[in-house]
């Protein structure tokens, strides 16, 4: 394993920058903890901060600078607390084990997202409890398994989206979690240049995961935005609808993906990036009008009501700009070899 030359040529600058990154990381963890408390104390404010401020920014961040999110994610930091306190587990995961975790992470993602329509979009305390549950799983994984192997590079439901969107980051970030490398995950998702999801593993498990994420995700997002929110216990009577529309639309785009994958065997990388661009573009095309009060699809997703203050064409132009940007970024822009983060030095005797 080669260490990034930046570590050797600019060690002092690297050490200083790493300390700053650690500080930012802890600030974000504390902010995440404060958000968790807000979900219980002031649920309406907590829901607004989480679903209408943080989450709308996340997809763009994952596309442009996945390493930034990997450094500051509060759940990721939580999973590494056992390592910080010297009580981390030493269990290793095989490639097959991690393939199963990736599949479970995708399934978890597809199960949680529709529940926003009947629970998490309107119930701050329920959202807080699911975050506590995820945080507990993240922390527990660090008690048994090596560093990032079980959570950050395995079961985390956001990790599959990182792999899908983060194939062409604009630069490599300093790794604020790992001062040294213990080969907890091979290949390391943080340090592998131009991450190409699912191309390193051709097992049946990986193929299923690829179809569920790459193929299903664009349609799933479209179907999710065409499903209304329900409040109270009556919402649970509509589980068929809240899961049905996203999964039906996702099945259609998955079928298209499989047909194109069969026809374009030599262009698999480009095809994956095309579907990634389609998914993130679909998200912002629907999310931006909702966020600023120009859509009736979801009244709980509004941050500011700018309808009547700015003309409709401004939002339309912004959505078109986002489509063009993601198409250029993921499909046309030069294929510069960057990893999400700079690879730290390999710990001796590993």
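No lab work stands behind these numbers, since they all come straight from the coordinates. Computed from a prediction, not measured in an experiment: that's the story for all the values here. Glycine gets a Cβ as well: all are built from the backbone with ideal geometry, and neighbour counts include every protein chain shown.
Going by average Cβ neighbours within 10 Å, how do the peptides 80-86, 338-344 rank, with the highest at the top?
So the peptides 80-86, 338-344, ranked by packing, come out 338-344, 80-86.
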- Task: Please determine, in degrees from 0 to 90 and to the nearest 10, the orientation of helix 95-115 with respect to the longest principal axis defined by the Cα atoms of the chain, where the helix direction is its Cα long axis.
- Result: 20
- Message: When 1/r is averaged over all different Cα pairs and the result inverted, which Kirkwood radius in Å belongs to the chain?
- Response: 21.2
- Normalised by the number of residues in the chain, what is the relative contact order in percent for Cα pairs under 8 Å and 6+ residues apart? 23
- By Cβ neighbour count within 10 Å, fewest first, 111, 134 rank 111, 134
- Item | Sequence of 92, 168 once ranked by neighbouring C-beta atoms within 10 Å, starting from the fewest | 92, 168
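Please rank 161, 214, fewest neighbouring Cβ atoms within 10 Å first, as an exposure proxy.
161, 214
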- Task: For the range 111-180, compute Rh as the Kirkwood radius over C-alpha pairs and then the Stokes-Einstein diffusion coefficient at 37 °C and 0.692 mPa s; write the answer in µm²/s, rounded to an integer.
- Result: 229
